[in-house]
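A short write-up of the structure that comes next.
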Amino acid sequence: MEDVGRIFGDVGLGQFHLLLTRPVERGDYVAVDDELHGSVLCQLDDLKRKSDFDIDRAATTEGADPAAIHQNLLGVARVIGYRDAGGIVKCPTIPFRPGAHVYRAEEPLIAEVLGLKHRPSTGAYVGLLRNHALRVELDINQLVQRHVSVLAKTGGGKSYLLGVLIEELLRHKVTCVIIDPHGEYGSLRHPAEKNPATGRFGVEVQGFARQVQEYSPDVSLNPSAKPLTFSLRHTDPRDLLVFMGLTNVKSYLGPLKQLLEAAAAQSADYSVHDLVRAAELTEGAAAETLRERLEYVEQTKLLGPVGTSLNELVQRGQATLVNLRGIAPDVQELVVARIASTLFENRKKEKIPPLFLVIEEAHNFAPQQGTATCSRILKNIASEGRKFGLGLCAVTQRAARIDKSVLSQCNTQLILQVTNPLDLKAIAQSIEGLTDGMTQMIQSLPVGVALITGGGYHTPLFCEVRPRASRHGGESVQVVAA
Ligand SMILES: Nc1ncnc2c1ncn2[C@@H]1O[C@H](COP(=O)(O)OP(=O)(O)OP(=O)(O)O)[C@@H](O)[C@H]1O
Ligand SMILES: [Mg+2]
């Protein structure tokens, strides 16, 4: 084992200071031999170079020989722990001794303590532990049962990482529904260009055309998609109120039911237009509001005599993309509300397989301030979905702007570079076990490195995201040719 330093000063149970004799980087794993428990895994959280080259010497010894400067590399390490005979990760209950040697942790110890194992049937391979050749796999059952958030500033690599995750879920035949506001995920159908990095990660390029289907409320804008419509007749009046953006159920449910009865009495195949006509013939403020909102719903063309069937929309082992590119934001909210509530109700009755519902740009669909039509159902899924095998994945570039209750229900967080102080604060508040050192590191993560918390791991870890097997669809638009 490579000796990298020695412990000095006061030694705590959770962290200690060390004098480094070899260059070790922030985030690297080190080990200390404990008398009682053998090798204990620790991680360098912070580094500092201390020197006798003070301000007075700096002012007088310009150009002085650097060799004359006495300096030390000091580190702060956090104790992660050891695995006991029962396989539980524990921390020593007696501090290490000052003077103890600190070693560079070897990969078998890191893998054992962090729990990095190849799990062919339950693991989603997302990348390699940073600076190591150890596979990081997320437990698929945990992902679906306990929700996921993907957080990073714009261009931080969220969609790329999510693409990796979806590829893994498709390989494991997990059903996914992806709310895709920018129409980025259709590229999952096509294999990625061969990339020299794929070898190191052991990734074979592959397209998923057979497992991807795409729907859109507007197929003229999105010609690769099949039309998405909802059946008016099968729309519960309460859901219809949601579509109409009316939250005051008490005031409007009764009058709406009357309009539905009036329209149904005229024709079994009544349309939204028939409801508008029925509202026009009804007196009162409630009918007037209903008419206005129904006219708006009529324009969206989302409700027709026959809707897209649930069995078409959700197919076992398939990813269904709901492409909302070019759709007005309020209509997007209606679509998300309807799909999310249909999925939730049918999952409760076990009419559809357990599934993973991905919401891209989740700060728009479940905002912390203001409301979105779909906010309530997304909050319900976040708090109760796990009981019914409906996993939520919230992807956002604004952690501070997404509903806090949704964020805090996500037990697996995939965090890429975040620099906005408000977003960092929201992340630090919603995640247990995130140290100050990690919060600082999040600000300078290179593209392609994620901090993973949860997902079957008891301690946060940094992961180099593996290259995509399929093509990434979120490339930036070139403004001028290179
Ligand atoms: N792991 C990675 N390896 C290589 N390139 C990556 C990786 N992650 C992201 N990139 C590149 O970085 C760019 C931005 O990634 P991506 O589209 O995923 O960002 P984003 O966080 O989804 O941004 P936005 O908020 O704008 O949607 C892309 O061009 C992508 O190719
Ligand atoms: Mg994106």
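The values are calculated or read from the model by the stated rules, or taken from the named source; none is laboratory data. This structure is a prediction, so every number in the text was calculated from the model and none was measured. Here the Cβ is made from the backbone with ideal geometry for all residues, glycine too, and neighbour counts use every protein chain on show.
Within the set K117, K90, the sole residue that is over 19 Å from E464 (Cα atoms) and in contact with a Gly (Cβ under 8 Å, 6 or more places away or on another chain) turns out to be K90.
Could you say whether any residue in the range 372-385 is more than 16 Å from ligand 2 (Cβ to nearest atom) and in contact with a Gly (Cβ under 6 Å, 6 or more places away or on another chain)? Give the steps one after another, and end with the answer.
Start the filter on the range 372-385 by keeping residues that are more than 16 Å from ligand 2 (Cβ to nearest atom), which leaves 372-385.
Subsequent filtering for residues that are in contact with a Gly (Cβ under 6 Å, 6 or more places away or on another chain) retains 373.
Yes: the range 372-385 contains one or more residues that are more than 16 Å from ligand 2 (Cβ to nearest atom) and in contact with a Gly (Cβ under 6 Å, 6 or more places away or on another chain).
Checking each residue of the range 194-201 against the condition of being within 11 Å of ligand 1 (Cβ to nearest atom), more than 28 Å from S309 (Cβ to Cβ), buried (at least 16 other Cβ atoms within 10 Å of the Cβ) and assigned by TED's automatic domain parsing to the domain that holds A366 gives at least one match. Here Q369 fulfils each of the conditions (1) surrounded by fewer than 23 Cβ atoms within 10 Å (Cβ to Cβ); (2) touching a residue at least 60 places away in the same chain (Cβ under 8 Å); (3) on the phi < 0 side of the Ramachandran plot apart from (2).
Just one of the numbered conditions (1) at pLDDT 95 or above; (2) in a loop (DSSP other than H, G, I, E, B); (3) within 21 Å of L134 (Cβ to Cβ) is not true of R26: (1). Just name the residue that is surrounded by the fewest Cβ atoms within 10 Å (Cβ to Cβ) out of those in the range 173-192 that are more than 11 Å from ligand 1 (Cβ to nearest atom) and assigned to a loop (DSSP other than H, G, I, E, B). Selected residue: K173. The residues on offer are Y215, Y160, and the sole one that is within 12 Å of ligand 1 (Cβ to nearest atom) and crowded, with 20+ Cβ neighbours inside 10 Å is Y160.
Taking the condition at pLDDT 90 or above and either basic (K, R) or touching a Leu at 6+ places or on another chain (Cβ under 7 Å) (or both), does A278 pass? Considered against the rule, which asks whether it is at pLDDT 90 or above and either basic (K, R) or touching a Leu at 6+ places or on another chain (Cβ under 7 Å) (or both), A278 comes out as yes. Evaluated against (1) under 18 Å from G123 (Cα atoms); (2) within 16 Å of ligand 2 (Cβ to nearest atom); (3) β-branched (V, I, T); (4) in contact with a helix residue (DSSP H, G or I) (Cβ under 9 Å, 6 or more places away or on another chain), I140 falls short on exactly one condition, (2).
Please pick out the residue among I427, I415, I402 that is in the same structural domain as R130 (by TED's automatic domain parsing) and within 12 Å of ligand 1 (Cβ to nearest atom).
Going through I427, I415, I402 in turn, just one is in the same structural domain as R130 (by TED's automatic domain parsing) and within 12 Å of ligand 1 (Cβ to nearest atom): I415.
Comparison of L44, L36 shows that the only residue that is surrounded by 16 or more Cβ atoms within 10 Å (Cβ to Cβ), under 21 Å from G12 (Cβ atoms) and under 42 Å from the mean Cα position of the chain (by Cα) is L44.
Of the residues in the range 47-57, how many are hydrophobic (A, V, I, L, M, F, W, C) and surrounded by 11 or more Cβ atoms within 10 Å (Cβ to Cβ)? Going through the range 47-57 one residue at a time, the tally reaches 2.
Taking residues in the range 386-397 that are more than 18 Å from I166 (Cβ to Cβ), and partners anywhere that are away from ligand 1 (no atom under 16 Å from the Cβ) and not hydrophobic (A, V, I, L, M, F, W, C), the pairs with Cβ atoms closer than 6 Å and at least 6 places apart or on different chains are R386/Q145; R386/R146; F388/R347; F388/K348. Residue selection: T435 fails the criterion of being within 16 Å of ligand 2 (Cβ to nearest atom) and touching an Asp or Glu at 6+ places or on another chain (Cβ under 9 Å). Go through the range 82-99 and give me each residue that's in contact (Cβ under 8 Å) with a residue 12 or more places away in the chain and either acidic (D, E) or surrounded by fewer than 18 Cβ atoms within 10 Å (Cβ to Cβ) (or both). The answer is R83, D84, V89, K90, C91, P92, T93, I94, P95, R97, P98, G99. So, of the residues in the range 148-179 that are more than 13 Å from ligand 2 (Cβ to nearest atom) and not aliphatic (A, V, I, L, M), which turns out to be nearest to the chain's Cα centre (by Cα)? So, considering only residues that are more than 13 Å from ligand 2 (Cβ to nearest atom) and not aliphatic (A, V, I, L, M), the one nearest to the chain's Cα centre (by Cα) is S149. Evaluating D10 against the criteria (1) under 30 Å from F201 (Cβ atoms); (2) in a loop (DSSP other than H, G, I, E, B); (3) of a type outside the set (S, T, Y) leaves one unmet condition, (1). On the stretch given as the range 442-459, residues that are away from ligand 1 (no atom under 16 Å from the Cβ), surrounded by 19 or more Cβ atoms within 10 Å (Cβ to Cβ) and not β-branched (V, I, T) total 4. Filtering the range 241-274 to residues that are within 17 Å of T300 (Cα to Cα) and either in contact with a Gly (Cβ under 9 Å, 6 or more places away or on another chain) or without any contact (Cβ under 8 Å) to a residue 40 or more places away in the chain (or both) leaves L241, Y270, S271, V272, H273, D274.
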